[in-house]
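> Before I ask anything, here is the structure I am working with.
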Amino acid sequence: MRAGDRQNGTVAVEVEGLSKSFAGRMVVRNLSMRVLRGQIYGFLGPNGSGKTTTLRMLCGLLTPDGGTGRALGYDILTERDRIKRHVGYMTQRFSLYQDLSIQENLEFVARIYGLASPEQEAKAAVERLGLVGREHQLAGALSGGWKQRLALGACILPKPELLLLDEPTAGVDPKARREFWAEIHKLAAEGMTVLVSTHYMDEAERCHEIAYIAYGELLAQGTIPKVIENSHLKTYTVSGPDLQSLANRLLGIPGIDMVAPFGASLHVAGRDASALDAAVARFRDERELSWTLSSPSLEDVFIDLMSRSQDNFR
Amino acid sequence: MMLTRTRAMFIKEFVQLRRDRLTFATMIFIPVVQLLLFGYAINTTPRHLPTAVLVHEDSDLGRSILAALSNTSYFKVTRLARSEAEMDHWIRSGEVLFGVEIPAGFERSVRRGDRPALLVVADASDPVASGTALGALEGVVRTALTRDRGLPETAEQSAAFEIRQHRRYNPAAVTSLNIVPGLLGTILTMTMLIFTALSVTREVERGTMESLLAMPIEPIEIMLGKIAPYVAIGFIQAALIIALGIILFEVPVVGSLPLLAALSTLFIATNLSIGYTFSTVAQNQLQAIQMSFMFFLPNILLSGFMFPFAGMPRWAQWVGEMLPLTHYIRIVRGIMLKGATLYDVHGEALALLGLMLLAMTLAVRRFRRTLD
Ligand SMILES: Nc1ncnc2c1ncn2[C@@H]1O[C@H](COP(=O)(O)OP(=O)(O)OP(=O)(O)O)[C@@H](O)[C@H]1O
Ligand SMILES: [Mg+2]
């Protein structure tokens, strides 16, 4: 993919066999993925699974130990300088200048990216963020949620083609979270590609595609229906009294791979449908319990994936 | 484009600097306080230096000499020693700075024309103090003798006796002309080093480096943008110190003031670059400060400020040549006191330039562009 290709290409990010170790410990292993332009791609996985590390490799902040990849058509190993010009990276931890005001932080970003009139751009961004009147407040004095919003604002100020957002909504209130996602969808509709890591299921469901990574390994990816389908999970929803003791009784029975509380009910799932039915059979007679066949939720799938990878990991 | 980004960095640094009021005030006033403190402390002509005397004969001449000593403001006889050992002890312990010994039969020898020796022992570990006093000693004593004793002022009179000086602990004395140029250089070195030594590690420790590295800015742009605001601060400091030196300490500026300003700026930039280099090597702010101090010490000791450069062993001179302060002191002394032109000090200027470029190259190479 060269310059012409870059403009018209439909692939924004493509990596192949990416891996990274810290002090001999493999943190990302053999990761391959593909993100189309204009897509919102969700990155999910437990703490320490390598999400941040992967995002950092994509924007040139970390050098992969192995594998190849392109972001916006530029090689992530050799063309980092070019990538940086077109990528906005929002770090997990707030990393703007706490001793600069909102306006000054935004101006700084605008200047670094060589925007024509930094002051005007920063002012416009302040308005977009709904921070008018507080633009002279120091960034360090903002509440956590406002810091996140400022960080996102700074990120999209230079109009990047690719946005890498590392848990952008951690600590953001529900209303702001909704606005945040509305903004992201608007940007994607305008052609921006967004890679976003999150721990929230509802946010995962707002993504066009998702990837689930655990212990450095990419375990599932695709659209949500596809991820659920590929899990081959059969799930029952059980309701009744004393579900906690029921859960304890169900756990460990061969054929039952996952038992998880879900509101006032319990999700019981297995990868092998007939084995699950066999395992569940003797509980179905218990009169106070009501069993219904349901489709697994995304969370069921993730919990199952995680427990499976933990088994592999041991 | 490069200029835009360097400017972005410059503005950011400057705003941060301005916001940190305490640091800003410190930057301007500490040098002034230091100059006043050290300038006066070191530069004041020594007075009433404690002196011990050991008199082996009770003669009029001996008494006259002691009276003459006491009449000068330099010496103050605080001890009368009974033996050489006692006098030595007082000097060693720092109780007195001088010991004057009048040998037995001194007056008789003088009258006979034998040129006996009047022994003066000086603790020269404080060369400024002892040097000035010793310089004054001979004249003071002779004038006093001529007046008091009515000895004829003949050519031979000056040879009536000999003053034998023993400088102990530090045989070479530093001239006081070093002091303002030396202080100028020392204060600038210290403050400039610390300014930039913290700049990169601070970004790392505050976590802002992650954002900065993800932005399209080059290490050289970061460096220049971070150094530039402090060049301005350093220039103000230097101007203040030089102005005070002229007004309060009456240091002459025989040569060109613009040349002095230009080369001072170069010296400031050199130290800022070195501090910045430390900043790229250090892993945290404490390490950066330690490195600055390790560099600062030889600057003070081996630059010719405290001890004469010519008196140092070869290897120490080589080390000294690698230090910016060495060259700067020569430049300042040259321009201020001897009226040197750029032609006279171009070697020193080139050395500063070389050191600056070396430091900058190292810093840009050392700068870690990833978080690996
Ligand atoms: N600079 C580093 N040096 C050493 N180890 C690191 C470094 N950065 C990350 N790690 C390790 O790599 C692993 C993956 O970390 P990473 O930050 O990518 O996880 P994550 O998926 O983003 O987790 P979280 O959801 O908690 O943000 C962790 O075990 C972490 O300890
Ligand atoms: Mg993370």
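The values are calculated or read from the model by the stated rules, or taken from the named source; none is laboratory data. Treat the numbers as computed from the prediction; the structure is a model and nothing was measured. Positions of Cβ are generated from backbone atoms using ideal geometry, with glycine treated the same way; all protein chains shown enter the neighbour counts. Ligands, DNA and RNA are stripped out before the accessible areas are found, and what is left, the full protein with its side chains, is counted by its heavy atoms. Shrake-Rupley method; radii C 1.70, N 1.55, O 1.52, S 1.80 Å.
> Could you check residue A:40 against (1) at pLDDT below 95; (2) more than 13 Å from ligand 2 (Cβ to nearest atom) and say which number it fails?
The failed condition is (1).
> Can you name the residue in region B:294-320 that is open to solvent by 70 Å² or more (accessible area, probe 1.4 Å) and touching a helix residue (DSSP H, G or I) at 6+ places or on another chain (Cβ under 8 Å) and is also modelled with the highest pLDDT among such residues?
Result: B:306.
One line per residue, one yes/no per condition, for (1) touching a Pro at 6+ places or on another chain (Cβ under 7 Å); (2) crowded, with 16+ Cβ neighbours inside 10 Å; (3) of a type in the set (S, T, N, Q):
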{"site": "A:200", "(1), (2), (3)": "no, no, no"}
{"site": "A:204", "(1), (2), (3)": "no, yes, no"}
{"site": "A:208", "(1), (2), (3)": "no, yes, no"}
{"site": "A:227", "(1), (2), (3)": "no, yes, no"}
{"site": "A:245", "(1), (2), (3)": "no, no, yes"}
{"site": "A:252", "(1), (2), (3)": "no, no, no"}
{"site": "A:262", "(1), (2), (3)": "no, yes, no"}
{"site": "A:282", "(1), (2), (3)": "no, no, no"}
{"site": "A:287", "(1), (2), (3)": "no, no, no"}
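> Please determine, by comparing only the residues of region A:88-100 that are facing chain B (nearest Cβ under 7 Å) and within 16 Å of ligand 2 (Cβ to nearest atom), which one is surrounded by the fewest Cβ atoms within 10 Å (Cβ to Cβ).
A:93
> Further question: Look at residue A:85 and say whether it is within 9 Å of chain B (Cβ to nearest Cβ) and within 21 Å of the chain's Cα centre (by Cα).
No: the conditions fail for residue A:85.
> Being charged (D, E, K, R) and buried (at least 20 other Cβ atoms within 10 Å of the Cβ) is the filter; apply it to region A:43-81 and report the residue that is nearest to ligand 2 (Cβ to nearest atom).
Taking the candidates together, the pick is A:51.
> While we're on this one: Test of understanding: among A:154, A:124, A:116, A:170, which residue is under 18 Å from residue B:217 (Cα atoms) and open to solvent by 30 Å² or more (accessible area, probe 1.4 Å)?
A:116
> Would you mind listing the helices (runs of 4 or more DSSP H) fully within region B:266-372 where at least 1 residues are more than 22 Å from residue B:242 (Cα to Cα)?
So the answer is B:285-301, B:314-321, B:342-366.
> What number of residues within region B:221-245 are closer than 16 Å to residue B:277 by Cα and not aliphatic (A, V, I, L, M)?
Number of matching residues: 4.
> Residue check, residue A:19 against (1) more than 14 Å from the chain's Cα centre (by Cα); (2) facing chain B (nearest Cβ under 10 Å), all met but one. Which one?
The single condition residue A:19 does not satisfy is (2).
> Does residue B:242 qualify as being away from chain A (no Cβ under 14 Å) and either without any contact (Cβ under 8 Å) to a residue 12 or more places away in the chain or under 21 Å from the mean Cα position of the chain (by Cα) (or both)?
Spelling it out, residue B:242 is indeed away from chain A (no Cβ under 14 Å) and either without any contact (Cβ under 8 Å) to a residue 12 or more places away in the chain or under 21 Å from the mean Cα position of the chain (by Cα) (or both).
> Ok, one more. Identify the single condition in (1) away from ligand 1 (no atom under 16 Å from the Cβ); (2) free of Cβ contacts under 8 Å to residues at least 60 places away in the same chain; (3) not aliphatic (A, V, I, L, M) that residue A:22 does not satisfy, given that it satisfies every other one.
Every listed condition holds for residue A:22 apart from (1).
> Among the residues of region A:193-220, count how many are in a strand (DSSP E or B) and in contact with a Leu (Cβ under 7 Å, 6 or more places away or on another chain).
So the count comes out to 13.
> Take the residues in region A:39-72 that are among the hydrophobic types (A, V, I, L, M, F, W, C) and without any contact (Cβ under 8 Å) to a residue 60 or more places away in the chain, then tell me which one is nearest to ligand 1 (Cβ to nearest atom).
A:62
> Looking at region A:32-42, which of its residues are aliphatic (A, V, I, L, M) and surrounded by fewer than 22 Cβ atoms within 10 Å (Cβ to Cβ)?
A:33, A:36
> So which strands (runs of 3 or more DSSP E) are wholly in region A:37-118 and hold at least 1 residues that are of a type in the set (D, E, K, R)? Spell out the reasoning first.
Working: elements: A:40-44, A:66-71, A:87-90.
Where strands (runs of 3 or more DSSP E) fall fully within region A:37-118 and carry at least 1 residues being of a type in the set (D, E, K, R), they are A:66-71.
> Checking residue A:106 against (1) more than 16 Å from ligand 1 (Cβ to nearest atom); (2) open to solvent by 20 Å² or more (accessible area, probe 1.4 Å); (3) closer than 21 Å to residue A:192 by Cα: exactly one of these is not met. Which one?
Unmet for residue A:106, out of (1) more than 16 Å from ligand 1 (Cβ to nearest atom); (2) open to solvent by 20 Å² or more (accessible area, probe 1.4 Å); (3) closer than 21 Å to residue A:192 by Cα: (2).
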